[in-house]
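Colleague: Below are the C-alpha cells for one structure; questions will follow.
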Amino acid sequence: MSVIDVSAWIGAYPFRGIPNSSLDDLRAKMNELQIERAIVSPYEAIFWENNLDAYERFAMQLADDDKIEVWPVVRPGATAGLEKLLDRFRPRGIRLLPNYHGYQLSDSRARDVLDLAKSRNLIVQVFQRIADERWHYLLKVPPVDQNDLDYLTSVHVDQPILLSGLNSIAPFASRLKQNKNFYADLSRIRGPQFAIEAMVKSLPVEKLVFGSLWPVQIIEATLWQITSAKIDESVKQQLLGGNALALLK
Amino acid sequence: MNFVPPDWPIIDMHTHLWSDATGLRPAANSDVLIEMANRFNVETVVLIPLFGGLCPTPDEIAAGNEAAHAFAERDKRFKPMVTVYPRHGEFALQQINHWMQHEEFCALKIWVSFADEPCVFPLIERMIELDKPTLIHAMHKSVGQLPLESDPTHIARLAKKYPQAKIILPHIGGNFYYTCDVIADCPNIYTDPSGTYCETGMLEHAVKMLGAERILFGSDAPGADFVNNLAKVMCADVSDKDKRNILATNAKKLWGWT
C-alpha cells in the first residue's frame, strides 16, 4: 500500500524537546512504516520572523529528496520573496497557520495569499492546530475558529484546500461532499472507538487523507487506526495514500 | 505499517460507560466496548460509569453504578469502578458501601472534584479500609480548569495525607512534564496515559520520572480509540519488559489479580 503523510513537520519544535525527531529519524520512520512520501514544513517557518528563510534552508537541504517535500508556511503581509521561492522550489502547496500568525482567513492580506495560490494552482493547507492547545503553555494559541474555516470553504470554492489538525471532521461533512477541491486530514482523529469505521460511513471517503502531525504526535497512533479498521482494503488504500495522490497530482 | 496487536496480556483500566441524554440510561452504543475487548483480546476492562455529565445528580450517579454492575454481570471481563461525586456527602459514601460489596466492583472513581477537599477524606478512608484503589480525575491545562477540577497538586496533597491510599491520577494529568514533577515523590500515585493525544515522548518521560511500575494502560474508550492509545505504549522507546508491565502486570499487582 502506498502511504502519504500530508501533515508532518521537521526542525526544532520550540516548546519542548522531542526525542527522535531529526530528519534522519523521519527517514527511518518512513522506511519502517512504508511511508512513501511526506509533506513537511520546518517549525522554524512558523516561529522565525524571517520564516521564508527557514523554508528556503530546508527546501535546499531536501531539494534532491524524492520522498520528503517541503512546503512553505506563508504569513500574509510578509510575503516578500515568496514568489521567487515558489518559482525556485516548485512546492505543490503552501501552509497557513492563522492562529499562530494572528490573522483571519477573511482578512484582505489572507485573500491576497489565497489569490496567489489559486493563480499558481497551489494547494492551501490550513492547520486548525499543530499541537494540543490544552498543553500549549508557553505561548497560548487557540485553534483556528470554526467560523474562519467555514468562511474559507464557502468563498474559496475553486481553490484546492486541505484542512489539517481537526479534532472532528464531522462539522465539515457537508462542505467535503459539496466541494471537489476540499480535503481533510485524519491527523487528530483519536476517537470515538472505531472512529475510522464510522467516518467511512458518514463522510465522503475520497476526501480524507492520512496525516500524522509528527513529531509532536506518534505516527502510528493515526496510521494504526486506519490499518486496523474493519473497512474495505480499497478504502484503506484511499485513506492511506490514494486520496492524497489525487490531491497532490 | 500494519497494526499487529501485542502477544501479551492487556488490561484496559480506563474505559467509560456513558449515559444517554436522559442521564439515567446507558448510551446506545455502549456495547462497542465488548467489540473492542473481543477484537483486541483485552483480558480485563475496568469500566467507569459517567452518567449525568460534569455535575451529576444522586439519581444519575446511582443509575450509572447500577448500569455498570449490569454490564459487568453480562460480561465478566468488565470490572466496574463505583463512581461518586464527593459533594453529595453521605450519599457518596453510601454508594461506595453498597457497590463495593459486589465482587465485580474493583475501585472508586471520583469525578471532577478537588481531591484534597474534606468531603473526599471519608471516601478515601473507606477505600483504604477496603484496600482498593481510587481514581480521581485531574488535569493541568493551559486553557483553564473545569469547575472543581483537580490539578495534579490536589492529588499529590491527598496522596501525602493518606500515604496508604492507592491513588490513580489518569491522563498523566494532562501536561506530563508538570504532572510527573508534581507526583514523582508520591509513590502511592499511579497514572495512565489515556485521554491525551498521542504525544511523542510522553510515556518515555513518565517511565523515566516515575518508573514503569507506576504506569497503567488505559484507553478512555469509547470516547477514545483503543488502538490510538495502545500506540502510546507500543511505540514508546522503553523496554519490552516495561511495556508488558504497563499493559497488564502493574494493574494485576495493584488489584491483586492473578
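The values are calculated or read from the model by the stated rules, or taken from the named source; none is laboratory data. This is a predicted model, so every value here is computed, not measured. Heads up, the Cβs are rebuilt from the backbone with ideal geometry, glycines too, and the neighbour counts pull from every protein chain shown.
Colleague: Within the range A:6-17, work out how many residues are part of a loop (DSSP other than H, G, I, E, B), among the hydrophobic types (A, V, I, L, M, F, W, C) and under 26 Å from residue A:92 (Cβ atoms).
Modeller: Going through the range A:6-17, the residues part of a loop (DSSP other than H, G, I, E, B) turn out to be A:11-17.
Those left that are additionally among the hydrophobic types (A, V, I, L, M, F, W, C): A:12, A:15.
Next, only the ones that are under 26 Å from residue A:92 (Cβ atoms) stay: A:12.
Within the range A:6-17, residues that are part of a loop (DSSP other than H, G, I, E, B), among the hydrophobic types (A, V, I, L, M, F, W, C) and under 26 Å from residue A:92 (Cβ atoms) number 1.
Colleague: Only one of (1) part of a loop (DSSP other than H, G, I, E, B); (2) small (Gly, Ala, Ser); (3) within 12 Å of chain B (Cβ to nearest Cβ) fails for residue A:241. Which number is that?
Modeller: (1) is the only condition that residue A:241 fails.
Colleague: Now for a different question. Please go through the range B:147-164 and give me each residue that is more than 15 Å from the chain's Cα centre (by Cα) and either in a helix (DSSP H, G or I) or under 13 Å from residue B:190 (Cβ atoms) (or both), ordered by number.
Modeller: Scanning the range B:147-164 gives B:153, B:154, B:156, B:157, B:158, B:159, B:160, B:161.
Colleague: Identify, by number, the condition in (1) within 12 Å of another protein chain (Cβ to nearest Cβ); (2) surrounded by fewer than 19 Cβ atoms within 10 Å (Cβ to Cβ); (3) under 17 Å from the mean Cα position of the chain (by Cα) that residue A:15 doesn't meet.
Modeller: Exception for residue A:15: condition (3).
Colleague: Shifting gears a bit: Looking at the range B:33-78, which of its residues are assigned to a loop (DSSP other than H, G, I, E, B) and away from chain A (no Cβ under 14 Å)?
Modeller: B:43, B:51, B:52, B:53, B:54, B:55, B:56, B:57, B:75, B:76, B:77
Colleague: Show me the helices (runs of 4 or more DSSP H) found entirely inside the range B:172-258 where at least 3 residues are away from every other protein chain (no Cβ under 14 Å), over 28 Å from residue A:13 (Cα atoms) and of a type outside the set (A, V, I, L, M, F, W, C). Quick ask: steps written out before the conclusion?
Modeller: Values: elements: B:176-183, B:202-210, B:226-234, B:240-244, B:250-255.
Fully inside the range B:172-258 and qualifying: B:240-244, B:250-255.
Colleague: If you don't mind, another one. When you go through A:186, A:213 one by one, which is the residue that is surrounded by 24 or more Cβ atoms within 10 Å (Cβ to Cβ), closer than 17 Å to residue A:127 by Cα and at the interface with another protein chain (Cβ under 10 Å from one of its Cβ atoms)?
Modeller: On the way: A:186 fails: at the interface with another protein chain (Cβ under 10 Å from one of its Cβ atoms).
Just one listed residue meets the conditions, A:213.
Colleague: Here's another thing I want to ask about it. Applying the selection to the range B:94-120, what residues are within 19 Å of the chain's Cα centre (by Cα) and either part of a helix (DSSP H, G or I) or β-branched (Val, Ile, Thr) (or both)?
Modeller: Those that are within 19 Å of the chain's Cα centre (by Cα) and either part of a helix (DSSP H, G or I) or β-branched (Val, Ile, Thr) (or both): B:95, B:96, B:99, B:110, B:112, B:120.
Colleague: Can I ask one more? For the condition in contact with a strand residue (DSSP E or B) (Cβ under 8 Å, 6 or more places away or on another chain) and outside any strand (DSSP E or B), what is the one hit in A:46, A:39, A:94? Let's see the steps before the verdict.
Modeller: Details: A:39 fails: outside any strand (DSSP E or B); A:94 fails: outside any strand (DSSP E or B).
After ruling out the rest, the residue left standing is A:46.
Colleague: Restricting to the range A:193-224, name every residue that is assigned to a helix (DSSP H, G or I) and in contact with a strand residue (DSSP E or B) (Cβ under 6 Å, 6 or more places away or on another chain). If you could, list the steps in order and put the result at the bottom.
Modeller: Going through the range A:193-224, the residues assigned to a helix (DSSP H, G or I) turn out to be A:195-202, A:205-207, A:219-224.
Once the filter is applied, which keeps residues that are assigned to a helix (DSSP H, G or I) and in contact with a strand residue (DSSP E or B) (Cβ under 6 Å, 6 or more places away or on another chain), the range A:193-224 yields only A:207.
Colleague: Residue A:157: out of contact with any strand residue (DSSP E or B) (no Cβ under 7 Å at 6 or more places or on another chain) and either under 24 Å from residue A:103 (Cα atoms) or not small (Gly, Ala, Ser) (or both), yes or no?
Modeller: Details: out of contact with any strand residue (DSSP E or B) (no Cβ under 7 Å at 6 or more places or on another chain): yes; either under 24 Å from residue A:103 (Cα atoms) or not small (Gly, Ala, Ser) (or both): yes.
When the stated conditions are applied, residue A:157 passes them.
Colleague: When you go through A:154, A:174 one by one, which is the residue that is more than 29 Å from residue B:221 (Cα to Cα), more than 14 Å from chain B (Cβ to nearest Cβ), part of a helix (DSSP H, G or I) and polar (S, T, N, Q)? It would help to see each step written out before you state the result.
Modeller: On the way: A:174 fails: more than 29 Å from residue B:221 (Cα to Cα).
Residue meeting the stated conditions: A:154.
Colleague: Do we have residue A:57 as surrounded by fewer than 18 Cβ atoms within 10 Å (Cβ to Cβ), away from every other protein chain (no Cβ under 14 Å) and modelled with pLDDT of 95 or more here? Full working, then the answer.
Modeller: Numbers: surrounded by fewer than 18 Cβ atoms within 10 Å (Cβ to Cβ): yes; away from every other protein chain (no Cβ under 14 Å): yes; modelled with pLDDT of 95 or more: yes.
When the stated conditions are applied, residue A:57 passes them.
Colleague: Another question, if that's okay. Restricting to the range B:16-42, and then to whatever is more than 14 Å from residue B:221 (Cβ to Cβ) and among the hydrophobic types (A, V, I, L, M, F, W, C), can you tell me which residue is surrounded by the fewest Cβ atoms within 10 Å (Cβ to Cβ)?
Modeller: Narrowing the range B:16-42 to residues more than 14 Å from residue B:221 (Cβ to Cβ): B:19-26, B:28, B:41.
Still in the running and among the hydrophobic types (A, V, I, L, M, F, W, C): B:21, B:24, B:28.
Working: B:21: 7, B:24: 17, B:28: 9.
Within the range B:16-42, the match that is surrounded by the fewest Cβ atoms within 10 Å (Cβ to Cβ) is B:21.
Colleague: Give the range A:18-51 a look and list any residue that's surrounded by fewer than 19 Cβ atoms within 10 Å (Cβ to Cβ) and of a type in the set (Gly, Ala, Ser), or say none.
Modeller: A:22, A:28
Colleague: OK, next. Could you say whether any residue in the range B:15-32 is hydroxyl-bearing (Ser, Thr, Tyr), within 12 Å of another protein chain (Cβ to nearest Cβ) and assigned to a strand (DSSP E or B)?
Modeller: Residues of the range B:15-32 that are hydroxyl-bearing (Ser, Thr, Tyr), as a first pass: B:15, B:19, B:22, B:30.
Within this subset, residues satisfying the condition of being within 12 Å of another protein chain (Cβ to nearest Cβ) are B:15, B:30.
So of that shortlist, the ones also assigned to a strand (DSSP E or B) come out as B:15.
Yes, the range B:15-32 contains a residue that is hydroxyl-bearing (Ser, Thr, Tyr), within 12 Å of another protein chain (Cβ to nearest Cβ) and assigned to a strand (DSSP E or B).
Colleague: When you scan the range A:37-48, do you find a residue that is in contact with a helix residue (DSSP H, G or I) (Cβ under 8 Å, 6 or more places away or on another chain), over 30 Å from residue B:232 (Cα atoms) and modelled with pLDDT of 95 or more, even just one?
Modeller: Yes, the range A:37-48 contains at least one residue that is in contact with a helix residue (DSSP H, G or I) (Cβ under 8 Å, 6 or more places away or on another chain), over 30 Å from residue B:232 (Cα atoms) and modelled with pLDDT of 95 or more.
Colleague: Something else about it: Could you count how many residues in the range A:60-72 are surrounded by fewer than 20 Cβ atoms within 10 Å (Cβ to Cβ) and either under 18 Å from residue A:30 (Cβ atoms) or of a type in the set (Val, Ile, Thr) (or both)? Break it down stepwise before answering.
Modeller: In the first step, residues of the range A:60-72 are kept if they are surrounded by fewer than 20 Cβ atoms within 10 Å (Cβ to Cβ); the result is A:60-67.
Keeping just the survivors that are either under 18 Å from residue A:30 (Cβ atoms) or of a type in the set (Val, Ile, Thr) (or both) gives A:61-67.
Residues flagged as surrounded by fewer than 20 Cβ atoms within 10 Å (Cβ to Cβ) and either under 18 Å from residue A:30 (Cβ atoms) or of a type in the set (Val, Ile, Thr) (or both) within the range A:60-72 amount to 7.
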